[in-house]
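Student: Sharing a structure with you now.
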Amino acid sequence: MYFLLAVVCAGLTLLAGTSRLTRGKYGLNVGTPEIKSINSLAFGPEGILFIGDSKSAVIFAVDTKDAVANDQVTTVEIKNIDQKIAALLGTTPENITIQDIAVNPVSKSVYCAVQSGDGTPVLFKIEGDKIVPVSTKNIPFSSLALNNVPSEGAKDKRGTSMRVSAISDIGFADGKVLVSGLSGQEFSSTFRSIPFPFTDKQDQAMLEIYHAAHGKYETLAPIRTFTTADINGKKYLVASYTCTPLVLFPLDELKAGSHVKGRTVAEMGSGNSPVDMVTMKKGSESFLMMANSARPVFKVKYKSIEAYQGSLTTPVEENFATAGVDFVSLPVTNVVQLDKLDDTRMILLQRRSNGSLDLWTSSERFL
Amino acid sequence: MLIRSCELHGLIFFIVLLQSCDTKKSVNKTFVIRKDQKAVGISFPLKYTEGIPPDSVFAFAEVRLLSKNKSVAILGDYSIVNQTVLFTPLIPFTHGLSYEILVKGKQIDTFEIPKNHSSRAPALLGIFPSADTLPENLLKVYLHFSHPMREGQSARYVTLLKNNSDTIKGAFLDLQPELWNPDRTILTLWLDPGRIKRDLIPNKLLGAPLKKNGSYQIVISKDWTDASGNSLSRSFTKTFTTIIRDSLSPDPDLWKISLPEKRTSNALKIDFHEPLDHSLLQETLTVKNQKGETISGKWQILDEEKVCLFSPDQNWISANYILRIETKLEDLAGNNLNRPFDKDITKKENKKKLGDFAEISFQVKD
């Protein structure tokens, strides 16, 4: 019912907004999206920002109107960014959480989703050392509700919905919005590939993804974070499960209703959860960079992934902490968010050892 | 200092009230506007900005946090209604903090958002599974709260203890975003699946978070606050012991169905002989008549999630009925009707796959 209400409200707002304005590019209409939470951000074409709203189970596409190409990329360096954002919001750092960051690939501005302790979401744009709020009132937007059958959600005695779920990551590749979602009831994930502009048809590919471990056990495996990459001339989804193994799926095999088994190419150690992944490039070599909850940032050469044609089919030696493709741990720990500024540089949000939460730009030397 | 707080449900009502009953008094004071226990805005008299043209007020008025450190103007929207300036910050003002209103950089007034009263303290209503004997490969724990809680905090406030003393680090998966229902009153915690899945490195190195024949406690700290900033009324502890792993799918053929009598609305009783997932039980069972129509009625989960009762809204008639079960229904270890949590693919399976539903027929007799 909640989801339905959100959709109805969004629809009404849309209608109200469209009476005076024509349907815009990418099927966006001017109005005020009812965004209840911002868990995940990803940029699409021409400054279109996709917002993953777990609370209403909706993906919003909003036009940031920030689509002027920037060839003079300035590096970002903001120390104690949580304190600065908290001050702008009239509160203290412990009352806010930075949910995600995303770099606009056209303008190279950094966008940052913040949530206050009471759950109110706020979107910011970082221009140099300035942090400015991004208004989501009267903007061109469209939305897509992820749950097709919202009325079937179970209710408890107080009438509140018991459906527990979250959008774990979103991305954009080949004209499609890719969304990984976790269910809090069944141990499973759904992976949706949604054509953009959004249509009424909602021809989403929904997948059940399995985790084949060492040729012996097979389990469902929720995806926590992902990126896309070209490997041997073929497009792949490079994903990491909640239990850290790194897996590959050919993008063209991800079809509606299919049950897909990922090829596990590496296990990245224990007691850790992947946070963010990006694909970087230097010269002819490309790299997968992966931030982790309890590990440093990992760097994996795509060349090694290409060369590693096996799947982890043999039991892992007990003494080894990791298995599969080789990777390097960078001397950067406690990275809580990560995105790509350009081919060779990343924007990192890092909790430093002195407790300061800093947003900074990495140099080429990490590659 | 002029402070008055007004318990209202939104700006519109606030303005209506101002106009109808309290216009003269209210324009002399700073009001805190509240909605759902949150301080969502303030209003202050336009005369605070005397000498400034109304269309320039927003350029000269500021609301800041009262702080020893240098504070900045808080982001938000200003508007002028009835000789009153309304300021709505991007996020509600924080309970326990004080703020100041400045015009042309000079302090004109201050206001405080007091801490919420403990009578409104949130409580933990239940922890599921509710049994005190659980399999060592327990996969999920559900926490049910009375109020919407602050998100992203479970790693800090939920602890798994062994023998009331040793904290088991990394027992729960640190998942961001966390898994909440839309109201933020139900949270799912997963025991680290990498440690439960057999043969993965975390499983090999650290073992499963729980071991059989152990005594464990899940402790929820009272320091956890709800979305309005109120701490839990008290800490909560669930104590349980562990038994051997459960690697078997629930099997409806083994369930016991106790039939009701016709011309009564007595409950149909289904005994699973094992606890099943509390949340999935709420939505995976349906009773249908011969025509395939769903019988409306109430479901109850009893006996530590081992039993379900279905009481129909209309009396039973002498006829055949079908209990339809969605096969995604899981036991406490994540084994569903179609597959165990981790399937040994080297072993051949004899069991036939059920599809999306399993069905049990029963007859209410004369």
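Student: Which whole number of Å³ per residue matches the convex hull of the alpha-carbon atoms in the range B:262-348?
Tutor: Cα-based convex hull of the range B:262-348, divided per residue, equals 114 Å³.
Student: Further, regarding this structure: Just counting partner chain Cβ atoms within 10 Å, what average do the residues of peptide A:32-43 show around their Cβ?
Tutor: Taking all residues of A:32-43 together, the mean is 1.
Student: Using the alpha carbon gyration tensor of the range B:119-243, what are the three equivalent-ellipsoid semi-axes (square root of 5 times each eigenvalue), largest first, in whole Å?
Tutor: Listed largest to smallest, the semi-axes of the range B:119-243 are 26, 16, 12 Å.
Student: A further question on this structure: Distance from the Cα centre of the range B:238-270 to that of the range A:60-80, in angstrom?
Tutor: When both Cα centres are located, 56 Å separates them.
Student: Using Cα positions and a limit of under 18 Å, work out the aspartates and glutamates in reach of A:Lys235, with same-chain residues fewer than 8 apart set aside.
Tutor: Qualifying aspartates and glutamates at Cα under 18 Å: A:Asp174, A:Asp252, A:Glu253, A:Glu285, A:Glu306, A:Asp343.
Student: Counting DSSP beta bridges in chain B, what percent are antiparallel, to the nearest 5?
Tutor: The antiparallel fraction comes to roughly 90 percent.
Student: What is the Cα centroid distance between the range B:100-179 and the range B:44-73, reported in whole angstrom?
Tutor: Cα centroid of the range B:100-179 versus Cα centroid of the range B:44-73: 36 Å apart.
Student: Okay, next question. Work out the length of the dipole vector of chain B about its Cα centre, built from +1 on the beta-carbon of each Lys and Arg and -1 on the beta-carbon of each Asp and Glu, and round it to the nearest 20 debye.
Tutor: 580
Student: Taking a 24 Å limit on the Cα-Cα distance, which of the listed pairs A:Lys25/A:Lys130; B:Lys288/B:Lys365; B:Lys256/B:Lys298; A:Lys234/A:Lys261; A:Lys79/A:Lys281 fall beyond it?
Tutor: The answer is A:Lys25/A:Lys130; A:Lys79/A:Lys281.
Student: Just tell me how shielded B:353-366 is by partners: mean number of partner chain Cβ atoms within 10 Å of each residue's Cβ, no decimals.
Tutor: For this peptide, the per-residue mean of nearby foreign Cβ atoms is 0.
Student: What aspartates and glutamates sit close enough to A:Lys84 to cross-link, taking a C-alpha to C-alpha distance under 15 Å and skipping anything fewer than 8 places away on the same chain?
Tutor: A:Glu94, A:Glu127, A:Asp129, A:Asp358
Student: Relative contact order of chain B, please, whole-number percent, based on alpha carbon pairs below 8 angstrom and at least 6 residues apart.
Tutor: In percent, rounded to a whole number, it is 12.
Student: Which is farthest toward the positive dipole end of the range B:252-364 among B:Asn338, B:Val364, B:Leu281, measuring Cα position about the Cα centre, with Cβ charges +1 (Lys, Arg) and -1 (Asp, Glu)?
Tutor: B:Val364
Student: Now, a different point. Just the Cα atoms of the range B:174-236: what Rg and Dmax do they give in Å?
Tutor: 15.4, 43
Student: I would also like to ask the following. Enter the per residue convex hull volume of chain B, computed from alpha-carbon coordinates, in Å³ rounded to the nearest integer.
Tutor: Hull volume over Cα atoms, normalised by residue count, gives 219 Å³.
Student: Let me ask another. Give me the dipole magnitude in Debye, nearest 20, for the range B:44-174 about the Cα centre, with unit charges on the beta carbon: positive for Lys and Arg, negative for Asp and Glu.
Tutor: Roughly 280 debye for the range B:44-174.
Student: Order A:223-231, A:134-142, A:179-187 from most to least packed using the mean count of other Cβ atoms within 10 Å.
Tutor: With the highest mean Cβ count within 10 Å placed first, the list reads A:179-187, A:223-231, A:134-142.
Student: Then there is this: Rounded, prolate or oblate for the range B:188-292? Axes are the square roots of the Cα gyration tensor eigenvalues, ordered a ≥ b ≥ c, and the cut-off for rounded is a/c under 1.5.
Tutor: oblate
Student: Using θ = phi - 60° and the Karplus relation 6.51 cos²θ - 1.76 cosθ + 1.60, list the HN-Hα couplings for the range B:286-301 in order, rounded to whole Hz, with x at every Gly or Pro.
Tutor: For the range B:286-301, the Karplus curve yields 9, 10, 10, 8, 4, 7, x, 7, 6, 8, 7, x, 10, 9, 10, 10 Hz.
Student: Near the amide H of A:Ala173, under 5 Å away, which other amide H atoms are found, from residues 5 or more places off or on another chain, if H is placed in the peptide plane?
Tutor: A:Leu178
Student: Could you put A:Cys243, B:Cys308 in order, starting from the residue whose Cβ has the fewest other Cβ atoms within 10 Å?
Tutor: B:Cys308, A:Cys243
Student: What ³J(HN,Hα) values, in whole Hz, does the Karplus curve 6.51 cos²θ - 1.76 cosθ + 1.60 give for the range B:152-165 when θ = phi - 60°, with x put for Gly and Pro?
Tutor: Result, ordered by residue: x, 10, 4, 4, 7, 10, 10, 10, 10, 10, 10, 6, 6, 9 Hz.
Student: Just list whichever of B:Lys38/B:Lys169; A:Lys36/A:Lys65; B:Lys115/B:Lys222; A:Lys125/B:Lys70 have alpha carbons separated by over 27 Å in the model shown.
Tutor: B:Lys38/B:Lys169
Taken together, the values in this text are just the output of simple stated rules run on the coordinates, not laboratory data. What you see is a predicted model; the values in this text were computed from it and never measured. Here the Cβ is made from the backbone with ideal geometry for all residues, glycine too, and neighbour counts use every protein chain on show.
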